[in-house]
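Engineer: This is the structure I want to talk about, given as structure tokens.
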Amino acid sequence: MSSQRPEVVNWRSEWAEAERLADSSPEQALGHYDRAIAGLLEENGYQLAGAERSTDYDLLNVARGLDPEVVFMYMEAHAILAMQDDGRKVGVETMALAFEAYRTVLEIVEEAA
């Protein structure tokens, strides 16, 4: 029996799926990247709950000694996913910016671990 809660994202498998889909289906890859990075951040102590509605998350993360730039970069990429989820057309260049932000967050968090 696993002690992992079912709602906890296996960010590594989400990341692998995002990388697999990035060239062939970037629209689908975007959601996988987002779930992967959210899972990675939460696993590493970042507080993301309510981040779309408030800047309190940033203050909380800074107070805990976590890099505010990481959360900012995640939220910028997450906003692109939200645009897509709202039915707005997201161009390839914009998706590439989100992919780059997600990859940078991964690098920063892994280097700090």
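Engineer: Which residues, taken from the range 14-25, are of a type outside the set (D, E) and either in contact with a Pro (Cβ under 7 Å, 6 or more places away or on another chain) or surrounded by 20 or more Cβ atoms within 10 Å (Cβ to Cβ) (or both)?
Structural biologist: First, pick out the residues of the range 14-25 that are of a type outside the set (D, E): 15-16, 18, 20-22, 24-25.
Residues satisfying the conditions are W15, A18.
Engineer: For the condition in a loop (DSSP other than H, G, I, E, B), at pLDDT 85 or above and more than 16 Å from A98 (Cβ to Cβ), what is the one hit in S54, S24? Please lay out each step first, then the result.
Structural biologist: Numbers: S54 fails: at pLDDT 85 or above.
Step by step, each of S54, S24 is checked, and only S24 is in a loop (DSSP other than H, G, I, E, B), at pLDDT 85 or above and more than 16 Å from A98 (Cβ to Cβ).
Engineer: Of these, Y46, Y74, which one is surrounded by 12 or more Cβ atoms within 10 Å (Cβ to Cβ), in a helix (DSSP H, G or I), at pLDDT below 95 and hydroxyl-bearing (S, T, Y)? Lay out the reasoning, then the answer.
Structural biologist: Values: Y46 fails: in a helix (DSSP H, G or I).
Just a single option satisfies the conditions, and that option is Y74.
The values are calculated or read from the model by the stated rules, or taken from the named source; none is laboratory data. Nothing here was measured: the structure is a model prediction, and the numbers come from that model. With ideal geometry, Cβ positions are generated from the backbone for all residues, glycine too; neighbour counts draw on all protein chains shown.
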